[in-house]
Amino acid sequence: MVVSESVDGTQGSPMVTICRADYANTVHGAALVALLDAYAQDAMGGAHALNDFAKANLVAALALRPQAYSVLAFDGDTPVGLVNCMEGFSTFACKPLVNVHDVAVLASHRGLRVAEKMLALAETMARERGACKLTLEVLQGNAGALRLYRRIGFANYELDPGMGHAQFMQKWLD
């Protein structure tokens, strides 16, 4: 599926193409790595470039995982946005779920609803997989992303309001 439209709906604004990434397409692969590296170097991505191993192997590793899919945004031939998704499984619903693992839009295209359009396609793809929900993590300081996610229907995860919201945690294994 490819969606081509003026992302903010006004005359003279950029024409952005939103598409499913094809991991076998070298243009898509290069765009994915470049956009993820730009995101990694941004403060919201940790402010460190991807390592050489990740740059060299990411696309092939994603292609080996049927639970992975990505969405790209292009302004003409220029890649400007990326969403990476990983299918998981909800034991409570006994259905797939999809974690939106990365959302990246170049600074030049922020505020133009590029991420919203990419997430709409990611949601369509999740529904095609029979997923019961989308999940994602976002840094508390990323106010713009938080506004977007709330506007399009995301909310903090909780089972019982008396128990509070879930917290995202990690433990490095290497």
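Miscellaneous remarks
- Residue count for the range 102-117, restricted to those that are free of Cβ contacts under 8 Å to residues at least 60 places away in the same chain and part of a strand (DSSP E or B): 2
- Residues in the range 131-174 that are over 25 Å from residue 110 (Cα atoms), aliphatic (A, V, I, L, M) and assigned to a loop (DSSP other than H, G, I, E, B): 131, 159, 166, 169, 173.
- Meets criteria (under 24 Å from residue 158 (Cβ atoms), in a strand (DSSP E or B) and hydrophobic (A, V, I, L, M, F, W, C)) for residue 74: no
Let's see how each residue does on (1) touching a Ser or Thr at 6+ places or on another chain (Cβ under 9 Å); (2) basic (Lys, Arg); (3) exposed (fewer than 15 other Cβ atoms within 10 Å of the Cβ):
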site: 113; (1), (2), (3): no, yes, no
site: 126; (1), (2), (3): no, no, no
site: 132; (1), (2), (3): yes, no, no
site: 136; (1), (2), (3): no, no, no
site: 149; (1), (2), (3): no, no, no
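- Selection within the range 43-60 - within 25 Å of residue 123 (Cα to Cα) and surrounded by 13 or more Cβ atoms within 10 Å (Cβ to Cβ): 44, 45, 58, 59
- Of all residues making up the range 86-101, the number that are buried (at least 17 other Cβ atoms within 10 Å of the Cβ) and without any contact (Cβ under 8 Å) to a residue 12 or more places away in the chain: 0
None of the figures in this text is laboratory data; all of them are computed from the coordinates on show. None of these values were measured; they are calculated from a predicted model. No Cβ is skipped: glycine too gets one built from the backbone with ideal geometry, and neighbour counts run over all protein chains shown.
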